[in-house]
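In what follows, a structure is listed as structure tokens, so that the remarks can point back to it.
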Amino acid sequence: MVQLHVERTIEASPERVFDWLADPTNLTASPLLLKAGWAKGSSAPRVGAVREITGVGMWFREEITAYDAPRSYSYLILRSFPVGDHKGGTLTFTQSGTGTHVDWVTTYTIPARAGGKLMEAITQPLMRSVFGAILAGCAKRLEN
């Protein structure tokens, strides 16, 4: 099982940081994510909304499972390539001085038929880098 925990403080209000990170098109701030957006029938972040993300060697279909703007939102990967068993992810936004502390946690396993522990060892640093790049993109866009 992989549990990723990535965090960063961004010098912008919780509302601005939350809104930026809740918009799936901004996930392409990571150079490994090529296209992201709402799936057909979903057009705004809310519980039940579905987003689709295509990246270099990866694809995800995710559902928003909890939405409490501007404090937190959670998601669950419904389908993916490579195949995985996602236990859920949550982004939490906390006022920190003049900025916002973002705490991003996600947990998953990869079944043996898809490479198991070897693929977990490969994807863990890869996904940590993806999350870090997204948070860096948010900071670059919102910090003055």
When region 1-15 is examined, which residues are found to be crowded, with 17+ Cβ neighbours inside 10 Å and outside any strand (DSSP E or B)? Ala12, Pro14
Those residues of region 119-129 that are open to solvent by less than 60 Å² (accessible area, probe 1.4 Å) and closer than 25 Å to Ala39 by Cα come to a total of 2
Can you find a residue that is at negative phi and at pLDDT below 95 anywhere in region 4-25? no
Consider region 17-45. How many of its residues are in a helix (DSSP H, G or I) and within 16 Å of Ala136 (Cβ to Cβ)? 7
Take region 46-60 and flag every residue that is assigned to a loop (DSSP other than H, G, I, E, B), at pLDDT 95 or above and of a type outside the set (Val, Ile, Thr). Arg46, Gly48, Ala49
Out of (1) open to solvent by less than 60 Å² (accessible area, probe 1.4 Å); (2) within 21 Å of Val130 (Cβ to Cβ); (3) of a type outside the set (Phe, Trp, Tyr); (4) in contact with a helix residue (DSSP H, G or I) (Cβ under 9 Å, 6 or more places away or on another chain), the one Pro70 does not meet is (2)
Result of the Cβ filter at 7 Å on region 10-38, keeping first residues that are under 16 Å from Tyr75 (Cα atoms) and partners that are of a type in the set (D, E, K, R) and open to solvent by less than 60 Å² (accessible area, probe 1.4 Å), at least 6 apart or interchain, is Pro24/Arg51; Ala36/Arg51; Gly37/Arg51; Trp38/Arg51
Test for Val56: is it within 18 Å of Ser129 (Cβ to Cβ) and in contact with a Cys (Cβ under 8 Å, 6 or more places away or on another chain): no
Could you grab me the full set of residues in region 98-139 that are without any contact (Cβ under 8 Å) to a residue 60 or more places away in the chain and within 23 Å of Ala69 (Cβ to Cβ)? none
Residue identified as of a type in the set (Gly, Ala, Ser) and touching an Asp or Glu at 6+ places or on another chain (Cβ under 7 Å) among Gly99, Gly89: Gly99
Applying the selection to region 73-118, what residues are hydroxyl-bearing (Ser, Thr, Tyr), open to solvent by 50 Å² or more (accessible area, probe 1.4 Å) and more than 20 Å from Gly132 (Cα to Cα)? Thr98
All but one of (1) open to solvent by less than 60 Å² (accessible area, probe 1.4 Å); (2) out of contact with any Pro (no Cβ under 8 Å at 6 or more places or on another chain); (3) modelled with pLDDT of 95 or more hold for Ser42; state the number of the condition that does not hold. (3)
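The values are calculated or read from the model by the stated rules, or taken from the named source; none is laboratory data. As the structure is a prediction and not an experimental result, all values here were calculated from the model. Ideal geometry is used to build each Cβ from the backbone, glycine not excepted, and the neighbour counts take in all protein chains shown. Side chains included, ligands, DNA and RNA excluded: accessible areas come from the protein's heavy atoms. Shrake-Rupley method; radii C 1.70, N 1.55, O 1.52, S 1.80 Å.
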